[in-house]
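I have placed the structure first, in the form of structure tokens, so that the comments after it can refer back to it.
The values are calculated or read from the model by the stated rules, or taken from the named source; none is laboratory data. This is a predicted model, so every value here is computed, not measured. Using ideal geometry, Cβ is built from the backbone for each residue, glycine included, and neighbour counts are taken over all protein chains shown.
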2 protein chains.
Amino acid sequence: MTPIITAFEHSPDRGKGLARDMRVRWALEEVGQPYDVRLLSFQAMKEPDHLARNPFGQIPTYEEGELVLFESGAIVFHLAERHAGLLPRPAHARARAIAWLFAALNTVEPPIMELSLARILERDAPWYEQRLPVVVARVQKRLDELCASLGDADWLDGAFSVADLMMVSVLLRLKPSGMLESYPSLAAYVARGEARPAYQRAFAAQWAVFQAGANAG
Amino acid sequence: MTPIITAFEHSPDRGKGLARDMRVRWALEEVGQPYDVRLLSFQAMKEPDHLARNPFGQIPTYEEGELVLFESGAIVFHLAERHAGLLPRPAHARARAIAWLFAALNTVEPPIMELSLARILERDAPWYEQRLPVVVARVQKRLDELCASLGDADWLDGAFSVADLMMVSVLLRLKPSGMLESYPSLAAYVARGEARPAYQRAFAAQWAVFQAGANAG
């Protein structure tokens with residue numbers, strides 16, 4: 001049966017592909033799994049139907065028959081476990097890829113998310129200009145460490161895996177800040193991710209949703 | 001062979017058990033796996049030996065022969081996959097427990113961590129008093145949603161699992177703020193976690209480290 005994911009009916013980033021449904025779309029494209037999309041308004045995300053899918057009222061979710069999942073990390077991991085191509089087979093390499101998946105979500109994304117929140121929600125706050133460098137420094141620390149670890153490798157640990165899919169997705173959220181430009185090797189790493197045909201197909205699919213909404217509105 | 005984890009030589013919370021090694025200690029105790037601990041100074045965490053274990057210079061890490069892992073989420077999941085007791089066996093229940101594991105780390109912990117960072121690192125900043133309610137409100141939103149989802153159940157989704165181990169560990173970080181007191185059902189949920197013999201053994205082990213350091217210093 002065709003799985004169903006949820007995504008924003010009206011993309012808050014106007015089709016830039018920075019919302020978390022992109023990670024799931026990308027993983028689905030990497031493993032060649034067709035899918036349907038249920039688009040949700042901001043209102044519908046807070047209603048009981050959707051809260052039954054995700055108690056935190058966020059997108060994306062994933063439905064496959066009676067299985068309902070939330071959290072982009074869990075959905076991408078679920079796909080990686082059930083299809084070839086996103087997790088190495090040797091046990092140690094597999095465990096390390098999972099470590100990087102968690103690192104992307106729990107160590108690298110939080111300061112990047114905090115920077116996005118500051119730029120969006122606190123831009124008019126009286127402390128915005130003064131506090132911004134504190135938030136930027138937290139992001140830079142993680143980028144410095146990531147940069148040192150990546151070195152001149154193409155991917156984080158051997159072949160492309162769910163680790164890179166998630167890390168590239170997380171780093172993409174820095175695009176509006178321009179911060180990646182100071183890290184050429186990370187910018188090239190992100191560009192390698194974006195160049196993958198599966199990423200391109202996923203991006204086109206979310207772009208089509210934005211365009212349809214723009215034409216309708 | 002006995003796995004080795006890393007932990008702070010000098011607990012920044014003075015033995016309150018709020019650092020991320022506690023999650024791994026707790027999981028090791030739940031599955032009955034003995035372990036050794038390598039204690040690290042803040043200086044040692046930034047040196048090449050440790051950066052080879054964790055590129056972000058954090059604790060905990062996990063070594064088991066040639067396998068070296070970082071990220072508390074990945075280590076706890078690794079243990080849950082290899083031992084009985086922390087993940088349900090039915091495929092759907094297992095996938096849902098993993099979704100909650102990611103939710104604890106990527107949806108609930110970030111605002112709680114942000115509150116801790118604000119309370120510790122920004123307490124003397126000119127914006128501290130004015131901004132604090134913004135951060136508190138972000139935490140409250142997640143607690144309200146979590147509270148609604150937990151209802152009057154003992155655990156998040158059926159029997160105790162890695163989902164609860166991680167969610168309780170994340171919520172414990174709110175203790176210094178006193179915020180849990182406004183959520184009796186979540187406070188009771190956390191207390192159920194703390195009452196588990198495995199948690200008690202893990203807590204005692206990290207407390208012994210703090211006591212030894214205090215006596216030496």
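Within the option set B:177, B:149, being in contact (Cβ under 8 Å) with a residue 12 or more places away in the chain and among the small types (Gly, Ala, Ser) holds for one residue only, B:177.
Take the residues in the stretch A:1-30 that are out of contact with any helix residue (DSSP H, G or I) (no Cβ under 6 Å at 6 or more places or on another chain) and more than 26 Å from residue A:215 (Cα to Cα); name whichever of them is surrounded by the most Cβ atoms within 10 Å (Cβ to Cβ). The residue in question is A:28. For the condition in contact with a Lys or Arg (Cβ under 7 Å, 6 or more places away or on another chain), of a type in the set (A, V, I, L, M) and in a helix (DSSP H, G or I), residue A:112 qualifies. Residues of the stretch B:61-81 that are more than 22 Å from residue B:99 (Cα to Cα) and crowded, with 24+ Cβ neighbours inside 10 Å: B:61, B:62.
Do we find that residue A:69 is over 30 Å from residue B:51 (Cα atoms) and not in a strand (DSSP E or B) in this structure? No.
Exactly one residue out of B:169, B:185, B:177, B:149 is in contact with a Phe, Trp or Tyr (Cβ under 9 Å, 6 or more places away or on another chain), over 21 Å from residue A:58 (Cβ atoms) and outside the structural domain of residue B:71 (by TED's automatic domain parsing): that is B:169. When residue A:23 is tested against the conditions (1) more than 12 Å from chain B (Cβ to nearest Cβ); (2) part of a helix (DSSP H, G or I), the lone failure is (1). Remark: residue B:132 falls outside the filter, which requires a residue to be surrounded by 19 or more Cβ atoms within 10 Å (Cβ to Cβ), in contact with a helix residue (DSSP H, G or I) (Cβ under 8 Å, 6 or more places away or on another chain) and not hydroxyl-bearing (Ser, Thr, Tyr). Determine whether residue B:61 is within 14 Å of another protein chain (Cβ to nearest Cβ) and either on the phi > 0 side of the Ramachandran plot or among the β-branched types (Val, Ile, Thr) (or both). Yes. Taken as a whole, the structure leaves residue B:38 outside the set of residues that are under 24 Å from residue B:198 (Cβ atoms) and assigned to a helix (DSSP H, G or I).
Please determine whether any residue of the stretch B:109-118 is surrounded by 17 or more Cβ atoms within 10 Å (Cβ to Cβ), touching a Leu at 6+ places or on another chain (Cβ under 7 Å) and more than 8 Å from chain A (Cβ to nearest Cβ). The answer is yes, given that some residue of the stretch B:109-118 is surrounded by 17 or more Cβ atoms within 10 Å (Cβ to Cβ), touching a Leu at 6+ places or on another chain (Cβ under 7 Å) and more than 8 Å from chain A (Cβ to nearest Cβ).
Per-residue answers, yes or no, for (1) surrounded by fewer than 19 Cβ atoms within 10 Å (Cβ to Cβ); (2) hydrophobic (A, V, I, L, M, F, W, C); (3) under 16 Å from residue B:55 (Cα atoms):
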site: A:100; (1), (2), (3): no, yes, yes
site: A:150; (1), (2), (3): no, yes, yes
site: A:154; (1), (2), (3): yes, no, no
site: A:166; (1), (2), (3): no, yes, no
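In summary, helices (runs of 4 or more DSSP H) completely within the stretch A:123-217 and bearing 3 or more residues that are of a type outside the set (Gly, Ala, Ser) and over 20 Å from residue A:98 (Cα atoms) occur at A:128-150, A:184-194, A:197-216.
Condition check ((1) in contact (Cβ under 8 Å) with a residue 12 or more places away in the chain; (2) under 17 Å from the mean Cα position of the chain (by Cα)) across all residues:
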| position | (1), (2) |
| --- | --- |
| A:1 | yes, no |
| A:23 | yes, yes |
| A:38 | yes, no |
| A:53 | yes, no |
| A:63 | yes, no |
| A:91 | no, no |
| A:102 | yes, yes |
